[in-house]
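The values are calculated or read from the model by the stated rules, or taken from the named source; none is laboratory data. Because the structure is predicted, anything quoted here is derived from the model rather than measured. Here Cβ is always computed from backbone atoms with ideal geometry, including for glycine, and neighbour counts include all displayed protein chains. Accessible surface is based on the protein model in full, side chains and every heavy atom, while ligands, DNA and RNA are left aside. Shrake-Rupley method; radii C 1.70, N 1.55, O 1.52, S 1.80 Å.
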Amino acid sequence: MLPVKEAERLIFHAVRSLNADRNAEVVNLLDATGRILASPVTSKLDFPHWDNSAMDGYAVRFADVEGCSDSQPAVLDIVKEIPAGTPPQKTLQLGQAARILTGSMMPEGADTVVMQENTRRDGDRISVLVPPERSGQFVRHRGTFYQAGTPLLEAGVRLQAADIAVLAAAQATKVCVFRKPRVAILSTGSELVSPEQPLKPGQIVDSNQYALASWLAALGMEPLRVGIIEDHPATLKYSISEALTWGDVVVSTGGVSVGDYDYIDRILEELGGDLLVRSVAVKPGKPLTVAQFPKQHTLYFGLPGNPVSALVSCWRFVKPALLKLAGLRRGWEPVFTKAKTRVELRSGGGRETYLWGRLLATEGGLEFEIPGGSFSSGNLINLMQTNGCAVLPVGTKRVEAGATVSVLWVDAPIGSVGSE
Ligand code: AMP
Ligand code: MG
(Lines give C-alpha, C1' and ligand atoms only; values in the text may rest on other atoms or scores of the structure.)
(Ligands and ions follow the chains in the order given, each with its own letter.)
Protein backbone atom coordinates (compact mmCIF):
# COMPACT_ATOMS: atom_id res chain seq x y z
CA MET A 1 0.00 0.00 0.00
CA LEU A 2 1.46 3.33 -1.07
CA PRO A 3 1.05 6.42 1.09
CA VAL A 4 -1.24 8.98 -0.58
CA LYS A 5 1.61 11.41 -1.19
CA GLU A 6 3.70 8.77 -2.93
CA ALA A 7 0.81 7.58 -5.10
CA GLU A 8 0.09 11.19 -6.01
CA ARG A 9 3.72 11.83 -6.91
CA LEU A 10 3.87 8.78 -9.20
CA ILE A 11 0.58 9.66 -10.93
CA PHE A 12 1.24 13.36 -11.47
CA HIS A 13 4.78 12.63 -12.65
CA ALA A 14 3.43 10.21 -15.26
CA VAL A 15 1.07 12.81 -16.73
CA ARG A 16 2.28 14.94 -19.62
CA SER A 17 0.27 17.88 -20.85
CA LEU A 18 -1.20 17.45 -24.34
CA ASN A 19 1.23 18.69 -26.95
CA ALA A 20 -0.05 22.06 -28.15
CA ASP A 21 1.25 21.59 -31.70
CA ARG A 22 -0.76 18.43 -32.30
CA ASN A 23 -3.73 18.87 -29.98
CA ALA A 24 -5.06 22.36 -30.54
CA GLU A 25 -8.18 23.58 -32.28
CA VAL A 26 -9.50 27.01 -33.17
CA VAL A 27 -12.87 27.90 -31.66
CA ASN A 28 -15.14 30.93 -31.70
CA LEU A 29 -14.63 33.15 -28.70
CA LEU A 30 -18.14 32.48 -27.41
CA ASP A 31 -17.42 28.75 -27.42
CA ALA A 32 -14.14 29.18 -25.57
CA THR A 33 -15.46 29.53 -22.02
CA GLY A 34 -13.84 26.90 -19.80
CA ARG A 35 -11.37 25.92 -22.51
CA ILE A 36 -7.60 26.10 -22.03
CA LEU A 37 -5.56 28.35 -24.29
CA ALA A 38 -3.06 26.40 -26.37
CA SER A 39 -1.06 29.36 -27.62
CA PRO A 40 -0.44 32.79 -26.15
CA VAL A 41 -2.51 35.73 -27.34
CA THR A 42 -1.07 39.11 -28.23
CA SER A 43 -3.05 42.08 -29.44
CA LYS A 44 -2.34 44.70 -32.06
CA LEU A 45 -4.24 47.23 -29.96
CA ASP A 46 -2.93 49.28 -27.06
CA PHE A 47 -5.16 49.41 -23.96
CA PRO A 48 -6.48 52.08 -23.64
CA HIS A 49 -6.48 52.49 -27.42
CA TRP A 50 -6.07 56.26 -27.03
CA ASP A 51 -5.82 58.86 -24.26
CA ASN A 52 -9.29 59.13 -22.75
CA SER A 53 -11.11 60.61 -19.82
CA ALA A 54 -11.66 58.73 -16.56
CA MET A 55 -14.42 61.15 -15.52
CA ASP A 56 -17.37 63.15 -16.72
CA GLY A 57 -16.06 66.73 -16.74
CA TYR A 58 -13.91 69.02 -18.83
CA ALA A 59 -10.68 68.45 -20.70
CA VAL A 60 -8.32 71.32 -19.96
CA ARG A 61 -4.71 72.46 -20.13
CA PHE A 62 -3.18 72.01 -16.69
CA ALA A 63 -1.32 75.30 -17.00
CA ASP A 64 -4.66 77.14 -17.34
CA VAL A 65 -6.15 75.80 -14.12
CA GLU A 66 -3.12 75.33 -11.89
CA GLY A 67 -3.57 77.29 -8.64
CA CYS A 68 -7.25 78.19 -9.20
CA SER A 69 -9.60 78.26 -6.22
CA ASP A 70 -13.16 78.91 -5.16
CA SER A 71 -12.47 82.59 -4.76
CA GLN A 72 -10.26 82.85 -7.85
CA PRO A 73 -11.66 80.32 -10.33
CA ALA A 74 -10.04 79.66 -13.68
CA VAL A 75 -12.58 80.73 -16.29
CA LEU A 76 -12.38 78.84 -19.59
CA ASP A 77 -14.32 78.92 -22.88
CA ILE A 78 -16.04 75.66 -23.79
CA VAL A 79 -15.12 75.26 -27.44
CA LYS A 80 -16.18 71.67 -27.97
CA GLU A 81 -18.48 68.91 -26.71
CA ILE A 82 -16.96 65.47 -27.17
CA PRO A 83 -19.73 62.88 -27.31
CA ALA A 84 -18.86 59.22 -26.69
CA GLY A 85 -17.59 57.46 -29.79
CA THR A 86 -16.49 60.52 -31.78
CA PRO A 87 -12.92 61.74 -32.14
CA PRO A 88 -12.45 65.40 -31.13
CA GLN A 89 -11.70 67.61 -34.12
CA LYS A 90 -10.40 70.69 -32.34
CA THR A 91 -7.08 71.38 -30.66
CA LEU A 92 -7.47 73.21 -27.37
CA GLN A 93 -5.84 76.61 -27.22
CA LEU A 94 -4.91 78.73 -24.23
CA GLY A 95 -7.95 79.39 -22.01
CA GLN A 96 -10.13 76.77 -23.65
CA ALA A 97 -11.87 73.64 -22.35
CA ALA A 98 -13.85 70.81 -23.92
CA ARG A 99 -16.82 69.05 -22.39
CA ILE A 100 -15.84 65.39 -22.06
CA LEU A 101 -17.51 62.18 -20.86
CA THR A 102 -15.98 59.10 -19.28
CA GLY A 103 -14.19 57.06 -21.92
CA SER A 104 -14.23 59.83 -24.54
CA MET A 105 -11.07 60.58 -26.45
CA MET A 106 -8.95 63.48 -25.17
CA PRO A 107 -8.64 66.41 -27.60
CA GLU A 108 -5.22 67.58 -28.79
CA GLY A 109 -3.85 70.31 -26.56
CA ALA A 110 -5.58 69.09 -23.39
CA ASP A 111 -3.58 67.17 -20.82
CA THR A 112 -5.89 67.00 -17.78
CA VAL A 113 -9.54 66.41 -16.90
CA VAL A 114 -11.34 68.32 -14.18
CA MET A 115 -14.36 66.70 -12.57
CA GLN A 116 -17.72 68.19 -13.34
CA GLU A 117 -18.34 68.49 -9.57
CA ASN A 118 -15.40 70.88 -9.25
CA THR A 119 -16.74 73.32 -11.86
CA ARG A 120 -19.56 75.79 -12.34
CA ARG A 121 -21.02 76.12 -15.81
CA ASP A 122 -22.29 79.35 -17.14
CA GLY A 123 -23.41 79.07 -20.77
CA ASP A 124 -20.32 78.52 -22.93
CA ARG A 125 -17.99 79.08 -20.03
CA ILE A 126 -16.90 77.11 -17.01
CA SER A 127 -15.28 78.21 -13.81
CA VAL A 128 -12.89 75.65 -12.38
CA LEU A 129 -13.11 75.95 -8.60
CA VAL A 130 -10.72 73.24 -7.44
CA PRO A 131 -7.31 72.81 -9.09
CA PRO A 132 -6.33 69.33 -10.32
CA GLU A 133 -3.61 67.74 -8.21
CA ARG A 134 -1.29 67.23 -11.16
CA SER A 135 -1.06 67.41 -14.90
CA GLY A 136 -2.62 64.29 -16.39
CA GLN A 137 -5.18 63.84 -13.62
CA PHE A 138 -8.20 61.71 -14.69
CA VAL A 139 -6.61 60.90 -18.03
CA ARG A 140 -6.15 57.25 -18.93
CA HIS A 141 -3.15 57.32 -21.19
CA ARG A 142 -2.85 55.14 -24.27
CA GLY A 143 -1.08 51.84 -23.63
CA THR A 144 -0.84 52.20 -19.86
CA PHE A 145 -2.86 49.02 -19.21
CA TYR A 146 -1.41 46.97 -22.04
CA GLN A 147 1.02 47.64 -24.86
CA ALA A 148 0.34 46.21 -28.31
CA GLY A 149 2.52 43.26 -29.22
CA THR A 150 3.36 42.20 -25.69
CA PRO A 151 1.85 38.96 -24.26
CA LEU A 152 -1.79 39.47 -23.27
CA LEU A 153 -2.81 35.96 -22.16
CA GLU A 154 -0.36 33.09 -21.79
CA ALA A 155 -0.93 29.53 -22.97
CA GLY A 156 -2.29 27.16 -20.35
CA VAL A 157 -4.88 29.44 -18.78
CA ARG A 158 -8.51 28.36 -18.54
CA LEU A 159 -10.74 31.01 -20.07
CA GLN A 160 -13.40 32.61 -17.91
CA ALA A 161 -15.79 35.51 -18.40
CA ALA A 162 -13.19 38.16 -17.56
CA ASP A 163 -10.69 36.64 -20.02
CA ILE A 164 -13.39 36.41 -22.67
CA ALA A 165 -14.09 40.12 -22.11
CA VAL A 166 -10.42 40.99 -22.62
CA LEU A 167 -10.21 38.85 -25.75
CA ALA A 168 -13.36 40.45 -27.14
CA ALA A 169 -11.94 43.91 -26.45
CA ALA A 170 -8.75 42.84 -28.22
CA GLN A 171 -10.93 41.76 -31.16
CA ALA A 172 -9.63 38.20 -30.87
CA THR A 173 -12.84 36.51 -32.01
CA LYS A 174 -11.20 33.15 -32.62
CA VAL A 175 -8.91 31.47 -30.14
CA CYS A 176 -6.63 28.48 -30.22
CA VAL A 177 -7.41 26.06 -27.39
CA PHE A 178 -6.39 22.54 -26.43
CA ARG A 179 -8.78 19.87 -27.64
CA LYS A 180 -10.67 18.25 -24.80
CA PRO A 181 -8.93 15.14 -23.46
CA ARG A 182 -10.77 11.95 -24.43
CA VAL A 183 -11.66 9.83 -21.43
CA ALA A 184 -13.15 6.38 -21.96
CA ILE A 185 -15.27 5.02 -19.11
CA LEU A 186 -16.03 1.37 -18.42
CA SER A 187 -18.08 -0.15 -15.65
CA THR A 188 -16.96 -3.65 -14.87
CA GLY A 189 -19.12 -6.13 -13.00
CA SER A 190 -21.46 -8.94 -13.97
CA GLU A 191 -24.01 -7.69 -11.40
CA LEU A 192 -24.49 -4.35 -13.19
CA VAL A 193 -27.46 -3.15 -15.21
CA SER A 194 -27.96 0.25 -16.77
CA PRO A 195 -30.58 2.57 -15.22
CA GLU A 196 -32.97 2.01 -18.15
CA GLN A 197 -33.08 -1.76 -17.65
CA PRO A 198 -35.44 -3.57 -15.25
CA LEU A 199 -33.68 -4.52 -12.04
CA LYS A 200 -33.62 -8.22 -11.17
CA PRO A 201 -32.91 -9.42 -7.64
CA GLY A 202 -29.20 -9.25 -6.85
CA GLN A 203 -28.39 -6.79 -9.61
CA ILE A 204 -26.97 -3.34 -9.08
CA VAL A 205 -27.64 -0.23 -11.15
CA ASP A 206 -24.51 1.09 -12.82
CA SER A 207 -24.44 4.56 -11.28
CA ASN A 208 -20.68 4.96 -11.83
CA GLN A 209 -21.07 5.39 -15.57
CA TYR A 210 -23.43 8.29 -14.98
CA ALA A 211 -21.34 9.76 -12.17
CA LEU A 212 -18.20 9.70 -14.29
CA ALA A 213 -19.83 10.95 -17.49
CA SER A 214 -21.35 13.88 -15.62
CA TRP A 215 -18.21 14.68 -13.67
CA LEU A 216 -15.91 14.44 -16.70
CA ALA A 217 -18.08 16.67 -18.86
CA ALA A 218 -18.22 19.30 -16.11
CA LEU A 219 -14.43 19.11 -15.89
CA GLY A 220 -14.08 19.96 -19.56
CA MET A 221 -13.27 16.44 -20.79
CA GLU A 222 -14.78 14.46 -23.64
CA PRO A 223 -16.18 11.31 -22.07
CA LEU A 224 -16.89 8.16 -24.04
CA ARG A 225 -19.16 5.68 -22.31
CA VAL A 226 -17.94 2.24 -23.27
CA GLY A 227 -20.63 0.68 -21.11
CA ILE A 228 -20.96 -2.25 -18.75
CA ILE A 229 -18.41 -5.02 -19.15
CA GLU A 230 -18.91 -8.40 -17.54
CA ASP A 231 -16.31 -9.87 -15.22
CA HIS A 232 -15.00 -12.12 -17.96
CA PRO A 233 -11.29 -11.91 -18.78
CA ALA A 234 -11.55 -12.12 -22.57
CA THR A 235 -14.38 -9.59 -22.79
CA LEU A 236 -12.62 -7.23 -20.41
CA LYS A 237 -9.35 -7.51 -22.29
CA TYR A 238 -10.98 -6.73 -25.62
CA SER A 239 -12.92 -3.73 -24.27
CA ILE A 240 -9.94 -2.32 -22.44
CA SER A 241 -7.64 -2.58 -25.45
CA GLU A 242 -10.24 -0.79 -27.59
CA ALA A 243 -10.64 1.92 -24.96
CA LEU A 244 -6.86 2.36 -24.77
CA THR A 245 -6.59 3.18 -28.45
CA TRP A 246 -9.37 5.78 -28.32
CA GLY A 247 -8.73 7.53 -25.01
CA ASP A 248 -6.04 9.77 -23.68
CA VAL A 249 -7.19 8.29 -20.40
CA VAL A 250 -9.25 5.24 -19.56
CA VAL A 251 -11.17 5.05 -16.31
CA SER A 252 -12.76 1.80 -15.23
CA THR A 253 -14.60 1.02 -12.04
CA GLY A 254 -14.68 -2.31 -10.28
CA GLY A 255 -12.54 -5.39 -10.49
CA VAL A 256 -9.43 -4.01 -8.80
CA SER A 257 -9.92 -5.53 -5.35
CA VAL A 258 -8.72 -8.97 -4.36
CA GLY A 259 -12.04 -10.70 -5.09
CA ASP A 260 -12.33 -13.83 -7.22
CA TYR A 261 -13.49 -11.81 -10.24
CA ASP A 262 -11.00 -8.97 -10.04
CA TYR A 263 -9.00 -9.33 -13.25
CA ILE A 264 -8.08 -5.78 -14.16
CA ASP A 265 -4.47 -5.64 -12.93
CA ARG A 266 -3.54 -8.85 -14.72
CA ILE A 267 -5.17 -7.74 -17.96
CA LEU A 268 -3.41 -4.38 -17.88
CA GLU A 269 -0.06 -6.14 -17.57
CA GLU A 270 -0.92 -8.50 -20.41
CA LEU A 271 -1.75 -5.49 -22.58
CA GLY A 272 1.68 -3.96 -21.94
CA GLY A 273 0.83 -1.51 -19.16
CA ASP A 274 3.34 -0.39 -16.55
CA LEU A 275 1.57 -0.56 -13.23
CA LEU A 276 2.48 2.53 -11.22
CA VAL A 277 0.02 2.10 -8.37
CA ARG A 278 -1.87 -0.97 -7.15
CA SER A 279 -3.23 0.09 -3.80
CA VAL A 280 -3.10 3.21 -1.68
CA ALA A 281 -3.29 3.75 2.08
CA VAL A 282 -6.45 5.81 1.73
CA LYS A 283 -10.03 5.39 2.91
CA PRO A 284 -12.20 5.13 0.93
CA GLY A 285 -10.45 4.02 -2.21
CA LYS A 286 -7.69 1.61 -1.20
CA PRO A 287 -7.83 -0.56 -4.32
CA LEU A 288 -6.60 1.91 -6.91
CA THR A 289 -4.75 0.76 -9.98
CA VAL A 290 -2.92 3.24 -12.16
CA ALA A 291 -1.07 2.08 -15.25
CA GLN A 292 0.78 3.82 -18.01
CA PHE A 293 0.64 2.59 -21.60
CA PRO A 294 3.65 4.10 -23.36
CA LYS A 295 2.70 2.69 -26.77
CA GLN A 296 -0.79 4.16 -26.76
CA HIS A 297 0.20 7.27 -24.75
CA THR A 298 -2.64 6.44 -22.43
CA LEU A 299 -3.04 6.52 -18.69
CA TYR A 300 -5.34 3.98 -17.07
CA PHE A 301 -7.17 4.46 -13.79
CA GLY A 302 -8.77 1.35 -12.34
CA LEU A 303 -11.01 2.65 -9.58
CA PRO A 304 -12.86 0.64 -6.98
CA GLY A 305 -16.42 -0.24 -7.96
CA ASN A 306 -17.98 1.16 -4.85
CA PRO A 307 -19.58 4.40 -6.05
CA VAL A 308 -18.41 6.46 -3.08
CA SER A 309 -14.86 5.16 -3.32
CA ALA A 310 -14.85 5.72 -7.07
CA LEU A 311 -15.83 9.38 -6.79
CA VAL A 312 -13.51 10.15 -3.89
CA SER A 313 -10.64 8.62 -5.89
CA CYS A 314 -11.64 10.80 -8.84
CA TRP A 315 -11.59 13.94 -6.73
CA ARG A 316 -8.32 13.11 -5.04
CA PHE A 317 -6.25 11.59 -7.85
CA VAL A 318 -7.95 11.65 -11.26
CA LYS A 319 -9.02 15.30 -11.38
CA PRO A 320 -5.56 16.85 -10.99
CA ALA A 321 -4.13 14.35 -13.48
CA LEU A 322 -6.80 15.22 -16.07
CA LEU A 323 -6.39 18.96 -15.62
CA LYS A 324 -2.62 18.69 -16.02
CA LEU A 325 -3.10 16.55 -19.13
CA ALA A 326 -5.63 19.06 -20.48
CA GLY A 327 -2.93 21.72 -20.64
CA LEU A 328 -3.76 23.75 -17.55
CA ARG A 329 -0.45 25.29 -16.61
CA ARG A 330 -1.23 26.46 -13.09
CA GLY A 331 -3.71 25.33 -10.49
CA TRP A 332 -4.26 21.74 -11.62
CA GLU A 333 -3.29 20.41 -8.20
CA PRO A 334 -5.91 19.30 -5.69
CA VAL A 335 -7.24 22.19 -3.62
CA PHE A 336 -7.16 21.87 0.15
CA THR A 337 -8.50 24.48 2.50
CA LYS A 338 -8.83 24.83 6.27
CA ALA A 339 -12.26 24.71 7.85
CA LYS A 340 -13.73 24.43 11.32
CA THR A 341 -15.56 21.13 11.68
CA ARG A 342 -19.04 21.36 13.17
CA VAL A 343 -19.02 17.69 14.13
CA GLU A 344 -16.60 15.23 15.63
CA LEU A 345 -14.68 13.30 12.98
CA ARG A 346 -13.39 9.76 13.38
CA SER A 347 -11.12 7.42 11.49
CA GLY A 348 -9.44 4.06 12.03
CA GLY A 349 -6.10 5.87 12.00
CA GLY A 350 -4.36 3.36 9.74
CA ARG A 351 -5.07 5.07 6.40
CA GLU A 352 -5.46 8.68 5.29
CA THR A 353 -9.19 9.13 5.63
CA TYR A 354 -11.53 11.30 3.55
CA LEU A 355 -14.87 12.09 5.17
CA TRP A 356 -17.34 13.48 2.68
CA GLY A 357 -19.60 16.35 3.62
CA ARG A 358 -20.24 20.02 3.05
CA LEU A 359 -18.02 23.05 3.18
CA LEU A 360 -19.99 26.13 4.18
CA ALA A 361 -18.87 29.72 3.81
CA THR A 362 -19.90 31.51 7.00
CA GLU A 363 -19.09 35.01 8.17
CA GLY A 364 -16.54 33.52 10.54
CA GLY A 365 -14.82 31.58 7.74
CA LEU A 366 -15.24 28.15 6.24
CA GLU A 367 -16.95 25.41 8.23
CA PHE A 368 -17.36 21.71 7.53
CA GLU A 369 -20.40 19.60 8.28
CA ILE A 370 -21.62 16.08 7.65
CA PRO A 371 -25.33 16.18 6.85
CA GLY A 372 -26.32 13.11 8.88
CA GLY A 373 -26.64 9.48 7.86
CA SER A 374 -24.25 6.63 8.30
CA PHE A 375 -20.66 6.92 7.28
CA SER A 376 -20.39 3.86 5.14
CA SER A 377 -18.71 3.88 1.79
CA GLY A 378 -21.62 1.74 0.64
CA ASN A 379 -24.01 4.61 1.37
CA LEU A 380 -24.28 6.47 -1.92
CA ILE A 381 -27.25 8.52 -0.67
CA ASN A 382 -24.98 10.17 1.86
CA LEU A 383 -22.75 11.43 -0.92
CA MET A 384 -25.36 13.79 -2.37
CA GLN A 385 -24.43 17.47 -2.30
CA THR A 386 -20.89 16.71 -1.18
CA ASN A 387 -18.55 19.57 -1.96
CA GLY A 388 -15.67 18.76 0.36
CA CYS A 389 -13.90 15.91 2.13
CA ALA A 390 -12.31 16.42 5.54
CA VAL A 391 -8.91 14.76 5.62
CA LEU A 392 -7.70 12.86 8.67
CA PRO A 393 -4.03 11.97 8.32
CA VAL A 394 -2.62 8.56 9.19
CA GLY A 395 -2.44 8.29 12.98
CA THR A 396 -5.32 10.68 13.68
CA LYS A 397 -8.31 8.76 15.03
CA ARG A 398 -10.45 11.61 16.25
CA VAL A 399 -10.93 15.32 15.64
CA GLU A 400 -13.18 17.22 18.04
CA ALA A 401 -16.03 19.40 16.89
CA GLY A 402 -14.80 23.00 16.63
CA ALA A 403 -11.26 22.03 15.62
CA THR A 404 -9.72 23.16 12.35
CA VAL A 405 -9.27 20.45 9.72
CA SER A 406 -7.89 20.28 6.23
CA VAL A 407 -10.64 19.79 3.65
CA LEU A 408 -10.27 18.65 0.05
CA TRP A 409 -12.38 21.23 -1.76
CA VAL A 410 -14.08 18.99 -4.26
CA ASP A 411 -15.73 21.64 -6.43
CA ALA A 412 -13.15 24.39 -6.07
CA PRO A 413 -13.10 26.60 -9.17
CA ILE A 414 -10.67 25.04 -11.63
CA GLY A 415 -7.31 26.76 -11.57
CA SER A 416 -8.07 28.50 -8.29
CA VAL A 417 -4.85 27.40 -6.69
CA GLY A 418 -1.88 29.17 -8.13
CA SER A 419 1.57 27.63 -8.13
CA GLU A 420 4.42 28.93 -10.20
P1 AMP B 1 -15.87 -4.10 -6.89
O2 AMP B 1 -14.86 -3.03 -6.71
O3 AMP B 1 -16.01 -4.55 -8.28
O4 AMP B 1 -15.60 -5.23 -5.92
O5 AMP B 1 -17.26 -3.47 -6.46
C6 AMP B 1 -17.49 -3.01 -5.13
C7 AMP B 1 -18.97 -2.72 -4.92
O8 AMP B 1 -19.38 -1.64 -5.75
C9 AMP B 1 -19.91 -3.85 -5.24
O10 AMP B 1 -20.95 -3.85 -4.30
C11 AMP B 1 -20.42 -3.49 -6.61
O12 AMP B 1 -21.65 -4.07 -6.89
C13 AMP B 1 -20.47 -2.00 -6.55
N14 AMP B 1 -20.31 -1.48 -7.90
C15 AMP B 1 -19.36 -1.86 -8.77
N16 AMP B 1 -19.45 -1.20 -9.92
C17 AMP B 1 -20.49 -0.34 -9.77
C18 AMP B 1 -21.09 0.59 -10.63
N19 AMP B 1 -20.62 0.78 -11.87
N20 AMP B 1 -22.13 1.31 -10.17
C21 AMP B 1 -22.60 1.09 -8.93
N22 AMP B 1 -22.07 0.22 -8.08
C23 AMP B 1 -21.03 -0.53 -8.49
MG1 MG C 1 -16.78 -6.13 -9.25
Go through region 238-261 and give me each residue that's within 12 Å of ligand 1 (Cβ to nearest atom) and surrounded by 22 or more Cβ atoms within 10 Å (Cβ to Cβ). Val251, Ser252, Thr253, Gly254, Gly255, Val256
Based on this model, can you work out whether Ala361 counts as of a type in the set (A, V, I, L, M) and open to solvent by 60 Å² or more (accessible area, probe 1.4 Å)? yes
Which is among the hydrophobic types (A, V, I, L, M, F, W, C) and not assigned by TED's automatic domain parsing to the domain that holds Gly227, of Leu345, Leu288, Leu271, Leu276? Leu345
Within region 250-307, take every residue that is among the hydrophobic types (A, V, I, L, M, F, W, C) and at pLDDT below 95 and give me the one that is farthest from ligand 2 (Cβ to nearest atom). Val258
Filter the strands (runs of 3 or more DSSP E) completely within region 18-88 down to those with at least 1 residues that are open to solvent by less than 40 Å² (accessible area, probe 1.4 Å) and among the aromatic types (Phe, Trp, Tyr). 57-60
Selection from region 194-243 of residues that are within 15 Å of ligand 2 (Cβ to nearest atom), within 24 Å of Leu380 (Cα to Cα) and among the aliphatic types (A, V, I, L, M): Ile204, Val205, Ile228, Ile229
For region 217-237, enumerate the residues that are surrounded by 20 or more Cβ atoms within 10 Å (Cβ to Cβ) and assigned to a helix (DSSP H, G or I). Leu236
All but one of (1) more than 16 Å from ligand 2 (Cβ to nearest atom); (2) in contact with a strand residue (DSSP E or B) (Cβ under 6 Å, 6 or more places away or on another chain) hold for Pro181; which doesn't? (2)
Which of the residues that make up region 262-272 are closer than 28 Å to Ala326 by Cβ and open to solvent by 10 Å² or more (accessible area, probe 1.4 Å)? Asp265, Glu269, Leu271, Gly272
Complete set of residues in region 93-112 that are under 11 Å from Lys80 (Cβ atoms) and not in a loop (DSSP other than H, G, I, E, B): Gln96, Ala97, Ala98, Arg99, Ile100
What are the residues in region 326-358 that are part of a strand (DSSP E or B), open to solvent by less than 60 Å² (accessible area, probe 1.4 Å) and in contact with an Asp or Glu (Cβ under 9 Å, 6 or more places away or on another chain), if any? Ala339, Thr341, Leu345, Gly357
